[in-house]
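Down below is the structure, laid out as structure tokens.
The values are calculated or read from the model by the stated rules, or taken from the named source; none is laboratory data. A quick note: this is a predicted structure, and the numbers were derived from the prediction, not measured. So basically every Cβ, Gly included, is an ideal-geometry build from the backbone, and we count neighbours across all protein chains shown. For the accessible areas, the whole protein counts, side chains as well, though only heavy atoms, and no ligand, DNA or RNA atoms are used. Shrake-Rupley method; radii C 1.70, N 1.55, O 1.52, S 1.80 Å.
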Amino acid sequence: MDAGFEEIDHTADWEIKVWAPDFLSLLRVAANGMYSLMELELESSPAVNKTFLLPFEDAESTLVGFLSELLYYVDAEKIGFKHFSFHPRKNQLRVEATGYPIRSGRFDIKAVTYHKIKITNQKVGLTVRIVFDV
Amino acid sequence: MIPLNRFTKISDFVWEIPSTYRQDMRVPVRIFATQELLKASLDDLSMEQAVNVATLPGLAGQVVVMPDMHQGYGFPIGGVAASRVSDGVVSPGAIGYDINCGVRLLASTIPGELAKKHGQDLAIALDRFCPSGVGKEGKIRLSEAELRQVCKLGSGWALKKGMANDQDIVRTEEEGCLQEADPMSISPRAMSRGIDQLGTLGSGNHFLEVGVVDAVFDEKAATQMGMQEGNLTLMIHCGSRGFGHQICTDFVQQFQSTVRHYQIQIPDRELVCAPVQSPEGQKYLAAMRSAANYAFCNRQILAHQAREAFESVFAGKIKNWGLTQVYDVAHNMGKIETHVIQGQKVKVCVHRKGATRAFGPGSPAIPEEYRSIGQPVLVPGSMGTASWVLAGTSGSMEHSFGSCCHGAGRVLSRNQAKRSIRGEQLRDQLGEQGVLIKAGSLPGLAEEAPQAYKDVDMVVEVVVGADIARKVARIKPLIVIKG
């Protein structure tokens, strides 16, 4: 299965459909999808490295937690990430992220929601729809 | 989609989905709408979301949906649900991420014609004095101790700093300060987001709008509120910024396991909740109140900054450029209130999401000077259309837990809106209609085009027809500043 995302019409908020062959790829593509909605443009330097731990209770919670973490860095530290390295541990996912200061973007997303979120495992990979509060 | 024949018509403006519609519903859903608005609402998920809300434990009466309803995430926008404090739940997602997003209206004695003469200057000054855009830093950078004070004092913090007057405070819902806020319930991450965002507008549908009172329907009430036909007004729409967003995010995440602990069945994970009286529920309420107080203080500081902008433009040109507060009211909030439900006084946690409190005459919760007329209800339009000032009625106390609509309500998605018009084109069109626009993002402006919203006049006719509010005045937009 290839990987990608597409925007889905939502009356008030923003919604994307994301698909990828495995869960860690799904996280990467979902991050790109969210950044794409925000039209983020990053500087080319200086590079910024961040590491964070996500609890792994269920896949959907980890996905929402991951995107919420990225949203925090956009709002609080004005950083967008380009590269991710994932290190699964027992009940946790360690994320090493490399990013750059934000040059420009649309900062309308308030939060990543759990609304109707369900990662479905199809023959060709994983699919999920994510609604962002705008 | 719920078929139209599953709705029971109560009157021309009131409909009901009985609790027998779905097995897991605990109470009915009552919708304030004309048949036309009701049919239009079936195009999105708002009704399904309202039915989902009706499954939450401990609900009192019915779930109420306002005519400006539209699909949200979990809880419909325009929804009101009251859960009994004794055995009900509090749901962060049912209050929303932008805790105490709300509207403040200020009135003036400045003649509307002056806005045409000095419109550009005023737009530039408002944009300069009131920073906008998500993550945009304000002029105020708080220490952590000061932020905790803001959480506890709300608008009172601005009063102590000389950025408010006594009338501002009195004419704010809860006098701009919810009791029992506890900043110790807030994560360090949320605290870090609250440090530098006070006095900023944000983006999305948040705005500052200079308008002119173009019609008065209740002379006594309008005079009491300080509004006169032909004079300028200023409306401020914003909330608790990244501080509130992070608090809600934290608790929605935490409550994913809380619902399992209390064995609460929910049809949508965004409706996670905790019993109101549980330690988890009380902790959320204490954090939510802190964010609500932050939002009250934020709108107060924006009002102060807007006054500075007005002064910079009008000082020396007219005698009185002052802006006096009409009212400030939340439309994303959870409040502990007592309502008469089926003849019994019941203490409930009222969740209003995209719905405004609208207490009727005589309520001790509204300023003494408004007790004979009812609480002002502020209903912003959509840049090109009117905004409304209404007053709460005794009917709202009987039918909607003292609640009313909060705006026009979206009808087109953001992409549909962008496909229908370009930002530049919209800015020019509105300019030709006499509405001056200053927007941080032109695509963002197109997403908020008037055609993306319902007809606000129709929404107002419903709440008036259903006797949950009455008309006081209509305001025509002249200058809109968007983040």
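State which residue pairs qualify: first residue within 17 Å of A:W14 (Cβ to Cβ) and inside the range B:417-429, second residue of a type outside the set (K, R) and open to solvent by 70 Å² or more (accessible area, probe 1.4 Å) in any location, beta carbons under 9 Å apart, and separation of 6 or more residues or different chains.
Going by the 9 Å Cβ cut-off, the qualifying pairs are B:A417/B:Q451.
Out of (1) part of a strand (DSSP E or B); (2) at pLDDT below 95; (3) of a type in the set (A, V, I, L, M, F, W, C), what's the single condition that is false for A:F84?
Every condition holds for A:F84 apart from (2).
Before we move on, is B:Q305 more than 17 Å from the chain's Cα centre (by Cα), crowded, with 16+ Cβ neighbours inside 10 Å, assigned to a helix (DSSP H, G or I) and not hydrophobic (A, V, I, L, M, F, W, C)?
Yes; evaluated as a whole, the condition is true for this residue.
Taking the range A:74-100 as the region of interest, how many residues are charged (D, E, K, R) and within 10 Å of another protein chain (Cβ to nearest Cβ)?
Count: 3.
Please go through the range B:1-20 and give me each residue that is assigned to a loop (DSSP other than H, G, I, E, B) and touching a Lys or Arg at 6+ places or on another chain (Cβ under 7 Å), ordered by number.
Within the range B:1-20, just B:S19 meets the criteria.
Please determine, by comparing only the residues of the range B:336-348 that are within 19 Å of B:Q277 (Cα to Cα) and in contact with an Asp or Glu (Cβ under 8 Å, 6 or more places away or on another chain), which one is surrounded by the fewest Cβ atoms within 10 Å (Cβ to Cβ). Quick ask: steps written out before the conclusion?
So the first thing to find is which residues in the range B:336-348 are within 19 Å of B:Q277 (Cα to Cα), and the list is B:336-339, B:345-348.
Then drop every residue that is not in contact with an Asp or Glu (Cβ under 8 Å, 6 or more places away or on another chain), which leaves B:347-348.
Details: B:K347: 15, B:V348: 24.
The residue in question is B:K347.
Starting from the range B:1-23, take each residue that is among the hydroxyl-bearing types (S, T, Y) and list its partners that are in a loop (DSSP other than H, G, I, E, B), counting only C-beta distances under 6 angstrom and pairs at least six apart or across chains.
Qualifying pairs under 6 Å: B:S19/B:M25; B:S19/B:V27; B:S19/B:P28.
Restricting to the range B:163-220, what's the tally of residues that are farther than 28 Å from B:A115 by Cβ, more than 11 Å from chain A (Cβ to nearest Cβ) and of a type in the set (S, T, N, Q)?
Going through the range B:163-220 one residue at a time, the tally reaches 2.
If B:K161 passes every condition in (1) in contact with a strand residue (DSSP E or B) (Cβ under 9 Å, 6 or more places away or on another chain); (2) over 25 Å from B:Y97 (Cβ atoms); (3) among the charged types (D, E, K, R) but one, which one does it miss?
Single failed check for B:K161: (1).
For the range B:96-108, does any single residue satisfy the condition of being more than 30 Å from B:E337 (Cβ to Cβ) and assigned to a strand (DSSP E or B)?
yes
Which one of these does A:G65 not meet: (1) at the interface with chain B (Cβ under 9 Å from one of its Cβ atoms); (2) touching a residue at least 12 places away in the same chain (Cβ under 8 Å)?
(2)
Identify the residue in the range A:9-21 that is in contact (Cβ under 8 Å) with a residue 24 or more places away in the chain and open to solvent by 30 Å² or more (accessible area, probe 1.4 Å) and, among all such residues, is nearest to the other protein chains (Cβ to nearest Cβ).
Once the filter is applied, the top-ranked residue is A:K17.
This table checks each residue for (1) more than 13 Å from the chain's Cα centre (by Cα); (2) open to solvent by 70 Å² or more (accessible area, probe 1.4 Å); (3) within 11 Å of chain B (Cβ to nearest Cβ).
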| residue | (1), (2), (3) |
| --- | --- |
| A:S25 | no, no, no |
| A:E41 | yes, yes, no |
| A:K50 | yes, no, no |
| A:L53 | yes, yes, no |
| A:Y72 | no, no, yes |
| A:I102 | yes, no, yes |
| A:I109 | no, no, yes |
| A:V124 | yes, yes, no |
| A:V131 | no, no, yes |
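Assess whether B:S91 counts as being modelled with pLDDT of 95 or more and touching a Leu at 6+ places or on another chain (Cβ under 7 Å).
For B:S91, the condition - modelled with pLDDT of 95 or more and touching a Leu at 6+ places or on another chain (Cβ under 7 Å) - is met.
Show me the helices (runs of 4 or more DSSP H) found entirely inside the range B:367-483 where at least 3 residues are under 19 Å from the mean Cα position of the chain (by Cα) and at pLDDT 95 or above. Talk me through it step by step, then tell me what you get.
Numbers: elements: B:394-399, B:414-420, B:423-432, B:442-447, B:456-465.
By residue number, B:456-465.
Can you tell me which residue within the range B:242-258, out of those that are within 9 Å of chain A (Cβ to nearest Cβ), crowded, with 24+ Cβ neighbours inside 10 Å and not hydroxyl-bearing (S, T, Y), is farthest from B:P131 (Cα to Cα)?
Among those residues, the one meeting the criterion is B:V252.
Looking only at residues in the range B:403-428 that are of a type in the set (D, E, K, R) and surrounded by 24 or more Cβ atoms within 10 Å (Cβ to Cβ), which one is nearest to the other protein chains (Cβ to nearest Cβ)?
Among them, the one singled out is B:R410.
Looking at B:T338 and the list (1) over 27 Å from B:K220 (Cβ atoms); (2) touching a strand residue (DSSP E or B) at 6+ places or on another chain (Cβ under 6 Å); (3) in contact (Cβ under 8 Å) with a residue 60 or more places away in the chain, which single condition is not satisfied?
(3)
Just to be sure before I move on: is A:S36 open to solvent by 40 Å² or more (accessible area, probe 1.4 Å), of a type in the set (S, T, Y) and within 14 Å of chain B (Cβ to nearest Cβ) in the structure I sent?
Spelling it out, A:S36 is indeed open to solvent by 40 Å² or more (accessible area, probe 1.4 Å), of a type in the set (S, T, Y) and within 14 Å of chain B (Cβ to nearest Cβ).
Applying the selection to the range B:67-104, what residues are within 13 Å of the chain's Cα centre (by Cα), more than 11 Å from every other protein chain (Cβ to nearest Cβ) and not charged (D, E, K, R)?
If the condition is that a residue be within 13 Å of the chain's Cα centre (by Cα), more than 11 Å from every other protein chain (Cβ to nearest Cβ) and not charged (D, E, K, R), then B:G79, B:V80, B:I95, B:N100, B:G102, B:V103 are the ones that fit.
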